[in-house]
1. Taking only the Cα atoms of the stretch 99-155, how large is their convex hull per residue, in Å³?
2. Give me the distance between the Cα centres of the stretch 46-80 and the stretch 146-190, rounded to whole Å.
3. How big is the Cα convex hull of the chain in projection, averaged over all directions, in nm²?
4. Suppose only helical runs count, i.e. DSSP H with n ≥ 4. What mean residue ellipticity at 222 nm does that imply for the chain under -39500 (n - 2.57) per run, divided by all residues and rounded to the nearest 500 deg cm²/dmol?
5. With everything on Cα atoms, drop me the angle between helix 165-175 and the longest principal axis of the chain, reported from 0 to 90° to the nearest 10.
Amino acid sequence: QTLPEGYLQIGVFDITRNMRLVLLLNFIGLGLAVLFGGLFTGLLFALRPDEAAAGLSVEINNMGQIGLLVLGLLLLSAAMVVLHEAAHGLFFWFFTRHRPIFAFKGAYAYAAMPGWFFPRCHYLVVGFAPLVLLSLAGVALMLFAPPAWFLGLIVFLVSNAAGAVGDLWVMGWLLLQKPGVLAQDQGDAVRLYAPAAPPAIISRSR
């Protein structure tokens with residue numbers, strides 16, 4: 001919980017102060033939705049070839065069915081956000097044995113541990129946890145779920161993967177750093193710290 005002596009901040013990822021980055025992440029998120037939509041749908045057809053097409057088809061005959069469909073999508077989105085942030089929070093707790101904070105700010109939600117500095121390897125686990133754990137759970141569920149669940153399951157998995165775009169951006173940034181870097185997650189922002197470079201020694205020849 002105390003920044004080691006000699007560490008300095010080397011960068012910050014703050015979505016509240018960089019609208020261009022937010023737009024870029026949204027654009028990348030759309031690409032991820034297409035990519036993972038094809039991936040998860042392909043896996044479903046590979047695992048349940050005789051039932052996948054029927055399970056993914058939707059027949060709408062009246063406005064009431066449209067309303068139920070919209071309501072179902074909203075509930076799936078809410079469940080995805082809760083489980084996504086819970087996965088972050090689980091590993092925050094695992095590494096600190098302290099309760100993380102959770103917040104919802106309209107366009108996004110987060111789990112955070114503002115008072116802690118995480119080694120790179122620990123924070124990578126925290127960052128990748130929702131994408132990896134929820135994707136694996138969803139693919140496993142494909143083996144047993146009734147066909148009526150297929151469409152909702154695909155929507156959930158794709159939303160989770162596309163919603164992880166900010167996590168993936170920060171994890172990629174973190175992977176480019178040296179192993180000694182520390183990460184502090186403040187919710188709205190992630191700050192990285194690294195040991196200050198030692199002063200250069202200049203030799204003079206006489």
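Derivation of every value follows stated rules applied to the coordinates shown; laboratory data play no part. For clarity, every value in this text was computed on a predicted model and none was experimentally measured.
1. Working: hull volume 7.0 nm³, N = 57.
Convex hull of Cα atoms, per residue: 123 Å³.
2. 24
3. 16.3
4. -19500 deg cm²/dmol
5. It works out to around 30 degrees.
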